[in-house]
1. Which condition from (1) in a helix (DSSP H, G or I); (2) surrounded by 18 or more Cβ atoms within 10 Å (Cβ to Cβ); (3) more than 20 Å from the chain's Cα centre (by Cα) is the one that L64 breaks?
2. Testing L8 on (1) in a helix (DSSP H, G or I); (2) under 21 Å from G150 (Cα atoms), one condition comes back false. Which one is that?
3. Take V73 and decide whether it is over 13 Å from V152 (Cα atoms) and in a strand (DSSP E or B).
4. Output the residues belonging to the range 139-150 that are out of contact with any helix residue (DSSP H, G or I) (no Cβ under 7 Å at 6 or more places or on another chain) and part of a helix (DSSP H, G or I).
5. Conditions first: (1) assigned to a helix (DSSP H, G or I); (2) of a type outside the set (S, T, Y); (3) farther than 14 Å from I5 by Cβ. I56 passes all but one, so which condition is the exception?
6. Does T134 satisfy the criteria of being open to solvent by less than 80 Å² (accessible area, probe 1.4 Å), modelled with pLDDT of 95 or more and touching a Phe, Trp or Tyr at 6+ places or on another chain (Cβ under 6 Å)?
Amino acid sequence: MKHIISVLVENKFGSLNRVASMFSARGFNLESISIGETEDTEISRMTIVTRGDDQIISQVLKQLNRLVDTIKVTDLTRQPHVERELLLMTLKLSKTTQHEIFELINVFKGKVVDIKQKSITIEVIGSPDKINTTIDIFRPYGIRELARSGAVAIHRGES
C-alpha cells in the first residue's frame with residue numbers, strides 16, 4: 001500500500017542524505033521525496049512516498065524517528081491531508097494540434113510557461129491522479145520532456 005509520510009527535520013546539511021541512505025541501506029522502496037523549509041527557517045519538511053505492508057511501514061517510521069535531525073514523523077496516509085504534485089511537460093506543437101492542446105490545458109487548469117514555434121511547455125498542479133491523467137491525455141500529442149516534483153503533503157487545516 002502507498003504511504004505518505006511527513007518528516008520534520010532540523011534544517012541542517014546532510015538531512016536528506018541520511019534519509020535516502022536509510023531507505024537504501026534497509027531496502028525500503030522510496031517512490032518520491034520532496035523537501036523544503038517550513039514556516040520556521042530552522043526546520044524543513046520532507047514528504048516521502050513509499051510502499052509497503054504495515055510491518056514495513058512500521059519499520060520505516062521507527063527508523064526515521066531514530067535519525068539524528070528528526071523532530072517529528074507522521075504517516076498522513078489515513079489522516080485528512082492535502083497532497084499536490086507539480087508537472088512540467090514539453091509537448092510537440094503544430095498548427096493542426098495547437099487548438100486541441102490549448103483546450104486541454106484549460107481543462108486541466110494548466111499554465112503555459114514557455115512556447116516556441118514547434119513546442120510548448122506547460123505546468124499542471126494537482127493530485128497524483130490528476131498528474132497521471134494529464135500525462136495520459138497529452139501522450140498522443142507527443143511528449144518531448146517531462147518532470148514531476150513528487151508529492152508534497154500537509155495536514156488539512158482545522159474547521
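1. Here L64 clears every test but (3).
2. With (1) in a helix (DSSP H, G or I); (2) under 21 Å from G150 (Cα atoms) applied to L8, the lone miss is (1).
3. yes
4. Correct list: R139, P140.
5. Of the numbered conditions (1) assigned to a helix (DSSP H, G or I); (2) of a type outside the set (S, T, Y); (3) farther than 14 Å from I5 by Cβ, the odd one out for I56 is (3).
6. When the stated conditions are applied, T134 passes them.
Quick grid of which residues meet (1) without any contact (Cβ under 8 Å) to a residue 40 or more places away in the chain; (2) within 17 Å of L8 (Cα to Cα):
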site	(1), (2)
V60	no, yes
V73	no, yes
G110	yes, no
V124	yes, no
D136	yes, no
P140	yes, no
R148	no, no
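The values are calculated or read from the model by the stated rules, or taken from the named source; none is laboratory data. Predicted, not measured: the structure shown is a model, and the values here were computed from it. Cβ sites come from the backbone with ideal geometry, for glycine too, and all protein chains shown count toward neighbours. For the accessible areas, the whole protein counts, side chains as well, though only heavy atoms, and no ligand, DNA or RNA atoms are used. Shrake-Rupley method; radii C 1.70, N 1.55, O 1.52, S 1.80 Å.
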